[in-house]
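Asks: Provided herewith is a single structure, encoded as structure tokens, for subsequent inquiry.
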Amino acid sequence: MLHMIGHALFGLLVGIIARMVIPGRQPGGIVLTAIIGMAGGWLGGYIGKALGWYKEGQAAGFLMSVAGAIILYLLFRMVF
């Protein structure tokens, strides 16, 4: 249970930083920010593994998680 809470808090932190980096007003509230932050961590890990920066089973670093969340926010803004 604490593991999931930790993921949610980490995702929220990553999402908040990604929102601050992107200029302009971002859509969504705190739940969407946390979801995009968590998904950004997954996307950052996937990109890092594809580039050979991470091995299988390794989690993405903080900066790659933020980069993944920024990519997702930009895609979200393009769609909506």
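No lab work stands behind these numbers, since they all come straight from the coordinates. Small disclaimer: the values here were computed from a predicted structure and weren't measured. Please note: Cβ atoms are built from the backbone with ideal geometry, for glycine as well, and neighbour counts cover all protein chains shown.
Asks: Of everything in segment 29-48, what is surrounded by 15 or more Cβ atoms within 10 Å (Cβ to Cβ) and either among the hydroxyl-bearing types (Ser, Thr, Tyr) or touching a residue at least 24 places away in the same chain (Cβ under 8 Å) (or both)? Give them in sequence order.
Replies: The answer is Thr33, Ala34, Ile35, Ile36, Gly37, Met38, Ala39, Gly40, Gly41, Trp42, Leu43, Gly44.
Asks: Mind checking which residues of segment 6-41 are under 16 Å from Arg77 (Cβ atoms) and of a type in the set (Gly, Ala, Ser)?
Replies: If the condition is that a residue be under 16 Å from Arg77 (Cβ atoms) and of a type in the set (Gly, Ala, Ser), then Gly15, Ala18, Gly24, Gly28, Gly29, Gly37, Ala39, Gly40 are the ones that fit.
Asks: Continuing with this model, one more query. In this structure, does Leu51 turn out to be loosely packed, with under 14 Cβ neighbours inside 10 Å and within 12 Å of the chain's Cα centre (by Cα)?
Replies: Against the criterion (loosely packed, with under 14 Cβ neighbours inside 10 Å and within 12 Å of the chain's Cα centre (by Cα)), Leu51 does not qualify.
Asks: Quick check, is Phe80 touching a residue at least 40 places away in the same chain (Cβ under 8 Å) and over 11 Å from the mean Cα position of the chain (by Cα)?
Replies: The answer is yes for Phe80.
Asks: Quick one: which of Tyr73, Tyr54 is free of Cβ contacts under 8 Å to residues at least 12 places away in the same chain, hydroxyl-bearing (Ser, Thr, Tyr) and in contact with a Gly (Cβ under 9 Å, 6 or more places away or on another chain)?
Replies: Just one listed residue meets the conditions, Tyr54.
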